[in-house]
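Scroll down for the structure; my scribbles are underneath it.
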Amino acid sequence: MSKSKFIQIESKNALLELLKEGRTFDKIYTASNAFKDPKSREIFELASKQHVPLVKVSRRALNRKLRTSSSESLVGYMVSENDWNLEELLEKIYSEKKQPFFLILDNLKYTQNIAAIMRTSFGAGVNGIIINTQDKSMISDETIRISMGAAERVPLVEMNLFNALKVLKENAVKTYAVHMEGKYYYDIDLTGPIAFILGAEDTGISTGMLERVDDKISIPMREVIGSLNVGASAAVLVYEKLRQEVKGLE
């Protein structure tokens, strides 16, 4: 894993979940006149037990720190280390006697969709999300807030997607592009090591990626609708895989 970085967390729900999980925080700022609601008190208690400094500041000083809201009374600075090398992640997955289950996001643009996919991925047991190398980090206060902390819980790999496909194939991980011309997803055996590729909201999956995957799968739609929202598509597919895995154990 790469060097750590600080992520500003402004959501009380996300703060609480991440503290419960034992994530490392550098400090938490709180407005000196903040109302001590039950959720805030629980955050203060957990922070104290984990020796996270609680810094009281004026409401005006706290407002200057806020990026996504003007009403939050807490701001936490979390140490983020969610930056994985794909080979190392695969080794970890296999060492834990698990099977690789990845989502590859081909240049998705909207934070709301990305965060929803992260939340769904965490709930369904996805153990890696792969994205193209980019200047702006995909882990931010906004993705953590919308995903309710899941953005920090699902391992994230940033690398060239063509290289990622090559590594996955070398490790016997089947790759499926979600595409309207593919076979219906419920007609495909989705058990075992697998990776779903989801395309950008406006342009879909790039031609180069489509040429390199093992197969294409689709979700049947009525004629008047071309496709589902990418977050909804991800939810349908990951839970279909989960359903098939559970059924196979019966």
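What follows draws every value from the coordinates through simple rules; no lab data is involved. Because the structure is a prediction, the values reported are computed rather than measured. Glycine gets a Cβ as well: all are built from the backbone with ideal geometry, and neighbour counts include every protein chain shown.
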Which of (1) part of a helix (DSSP H, G or I); (2) among the β-branched types (Val, Ile, Thr); (3) surrounded by fewer than 19 Cβ atoms within 10 Å (Cβ to Cβ) is the odd one out, the single condition Thr143 does not satisfy? (3)
Consider Ser48 carefully, then state whether it is surrounded by fewer than 17 Cβ atoms within 10 Å (Cβ to Cβ), in a loop (DSSP other than H, G, I, E, B) and of a type in the set (S, T, N, Q). no
By residue number, the members of the range 67-91 that are loosely packed, with under 14 Cβ neighbours inside 10 Å and not in a loop (DSSP other than H, G, I, E, B) are Val79, Glu87, Glu88, Glu91
Taking the range 178-202, which residues are over 20 Å from Glu245 (Cα atoms) and in contact (Cβ under 8 Å) with a residue 40 or more places away in the chain? Met180, Leu198, Gly199, Ala200, Glu201, Asp202
Has the range 52-66 got at least one residue that is part of a strand (DSSP E or B) and small (Gly, Ala, Ser)? no
